[in-house]
Every structure is written in C-alpha cells, then in structure tokens.
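Here is the structure we will look at.
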Amino acid sequence: MLRMSILEHLEELRARIIKMLYGLGAIFIICLYESDKLFEIFMAPGRDAMRRTGIPGADFIAIHLMEQFQVMWVWTPLVASLFLASPWILWQVWAFLSPGLYRREKKWAIPFVLGTAGLFLLGGAFGYFIAFRYGMTFLLGIGKGAHVLPLISIEDYFDRFVDMMLGIGVAFELPVLLFFLTLLRVVSPRFLLRHSDYVILAIVVLAAIITPTPDAFNLMLFAAPMCVLFFLGILLSYLLVLKREKRRFPWIAFLKWLGIAVALVAAAALIADHYHPAWRWPFGVR
C-alpha cells in the first residue's frame, strides 16, 4: 500500500478528474456530430407510447425559443456521452482508489469496471425498453376517455427521460455496492439477509420516487428487478465470504433450486399466456 500526503492525494484527484473530462469531452464531440440520430433514439420510447395510446394528433412540441437547441444540441449529446464514457470514468475512479489498496485487492480492477459499467448500462437499457415506455403509455392514455390531446414539450419529456435513465442506471449498481461493502468488511451476507425487509421497503419507496406513474404495476416493474439485484448482491457477498474462509459453494443444490424456480416461472407465464382467469371450475378459459 502506498503512503501519500494530502497534497499528493489532491494532485492525483485533479489528474484523474482532468482525464475523465478529456475522455468525456472526446465522446461528447462524437455524439454532437450525431446529435440528430441520438435525439431520434431518445424520442423513440415517447413516440412508441403515443402510438400505443391510439390518440390521433398526439405529438411532441417545442414551446420556448431555445428549447430545441438546448435539448437537441446540448443535453442529448451530453447524456449520451455520459453513458458511453461510463467505463472510462469508472476506470479513472478505480485508478484513484487503487494506490490505497493491497495487492490482492487490486485484482478486482477489471471486474469492478466491467461490472459497474455493465450494470449501469443494463439499468439504462431496462429503463429505455421497458420501464419508461410503459410509464409513458399509462400517463399519456389517462385522458383518452375525456378526449384530452397529449401535446408534450420536448424539454419536459427529456427531463423525465433523463431522470429515469440515470436513476435506474445508478440503482442497478446495488450488487456492486453490496459486494464491495462486504469486501471492506462493512456488512456481511448474514447482516443483509437479517435486514432484507427494510431494504425491500426502501426499494419500493425509491421505485415510487423514480417511476413517473403512480400505479402499482409500473412501481413493481421497477421494484421487482431491484429486489432481484439485491439478492444477487447477497449471493456475490456470500461467494466472497466463502472464498475468504476457503470454503466451497454448494453449486449443485443452488442450480437445482434455481432450475425449479425458473421452471415454475416459465410454467406460470405459459399458463397466463394461454388461459384467462375464471371464477368457476376449471378457473381458466382459453
């Protein structure tokens, strides 16, 4: 472990921040050149949601004079470059932290960068393809029966879009956070399991804040994957503890129960796809 003074730490932090900005700036210039295509990609979930509502005339509009310039030529390439530059930014974060780690802890560099960046991008993809689309469809279709025509400003849409993408992307970092808290001996798998009810409650509250709709379906659409990621983090922490204590993980029993769970979920999905519930025997009709 290296010993550095406070001034050396500040100098190293300054150098890493400058490298982050250089990488982010280079990707921003590339995204700026393709801002029109990126804007269409960002608007695709909203346009798909408007098409699903079936309301004729629903569209996006620009209200303020500078609205189109700010959204299309500033915020769109900036958000895109932030997602694309996330591996480089996380690598610089690790490079800043690594001098204070032991040699055996530095081997986690590549898994840290790949896992953190991968989960961040996976969270953004989940929000883009699933959560935001269903949320927008629900919100835009509320006034359909009252003949309300949705005309949404691109600035308002983009603010909601970015909030959800970044919020879900950061929330998907939960397994990495739990793993490194266990690595630093701050928490243990037993502690996490014992307090899992509080964590699930916190996840539901966070889902209520991040999701753009007040209905239970969209809330659970976000909360359910987060609960799965929480228990995935506990599994990774348990594997770390087993390795630390030189014990082996019972993979055969784990894979057996995992296969049973996957089979039950697949059977339930297949039944739900072919049958509708009924209140008399056989309690299901095609």
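The values are calculated or read from the model by the stated rules, or taken from the named source; none is laboratory data. Not measured: the values here are computed from a predicted model. Positions of Cβ are generated from backbone atoms using ideal geometry, with glycine treated the same way; all protein chains shown enter the neighbour counts.
From G127, G118, which residue is free of Cβ contacts under 8 Å to residues at least 12 places away in the same chain and within 19 Å of the chain's Cα centre (by Cα)?
G118
Given the conditions (1) farther than 17 Å from I89 by Cα; (2) part of a helix (DSSP H, G or I); (3) modelled with pLDDT of 85 or more, which single one is not true for F120?
Only one criterion in (1) farther than 17 Å from I89 by Cα; (2) part of a helix (DSSP H, G or I); (3) modelled with pLDDT of 85 or more is unmet by F120, namely (1).
Please indicate, with yes or no, whether at least one residue in the stretch 143-156 is closer than 18 Å to R51 by Cβ, touching a strand residue (DSSP E or B) at 6+ places or on another chain (Cβ under 7 Å) and not β-branched (V, I, T).
yes
Does I89 satisfy the criteria of being assigned to a helix (DSSP H, G or I) and touching a Gly at 6+ places or on another chain (Cβ under 9 Å)?
yes
Pairs needed: first member in the stretch 230-251, at positive phi and at pLDDT below 80; second member anywhere, part of a helix (DSSP H, G or I) and exposed (fewer than 11 other Cβ atoms within 10 Å of the Cβ); C-beta distance under 9 Å; at least 6 residues apart or different chains.
none
Residues that are more than 25 Å from the chain's Cα centre (by Cα) and buried (at least 17 other Cβ atoms within 10 Å of the Cβ): find the helices (runs of 4 or more DSSP H) completely inside the stretch 1-86 holding 3 or more of those.
By residue number, no helices (runs of 4 or more DSSP H) qualify.
Hey, can you tell me all the residues within the stretch 159-185 that are more than 23 Å from L114 (Cα to Cα) and free of Cβ contacts under 8 Å to residues at least 24 places away in the same chain?
Correct list: D159 only.
Of the residues I55, I27, only one is more than 30 Å from S98 (Cβ to Cβ) and touching a Leu at 6+ places or on another chain (Cβ under 7 Å); which?
None of the others qualify; the one that does is I55.
Determine whether V148 is more than 23 Å from F222 (Cα to Cα) and either assigned to a helix (DSSP H, G or I) or out of contact with any Ser or Thr (no Cβ under 8 Å at 6 or more places or on another chain) (or both).
When the stated conditions are applied, V148 passes them.
What's the number of the condition T182 fails, among (1) modelled with pLDDT under 90; (2) under 22 Å from Y128 (Cβ atoms); (3) in a helix (DSSP H, G or I)?
Here T182 meets the rest and fails (2).
For residues that are under 19 Å from the mean Cα position of the chain (by Cα) and exposed (fewer than 14 other Cβ atoms within 10 Å of the Cβ), tally how many sit in the stretch 228-254.
Total meeting the criteria: 1.
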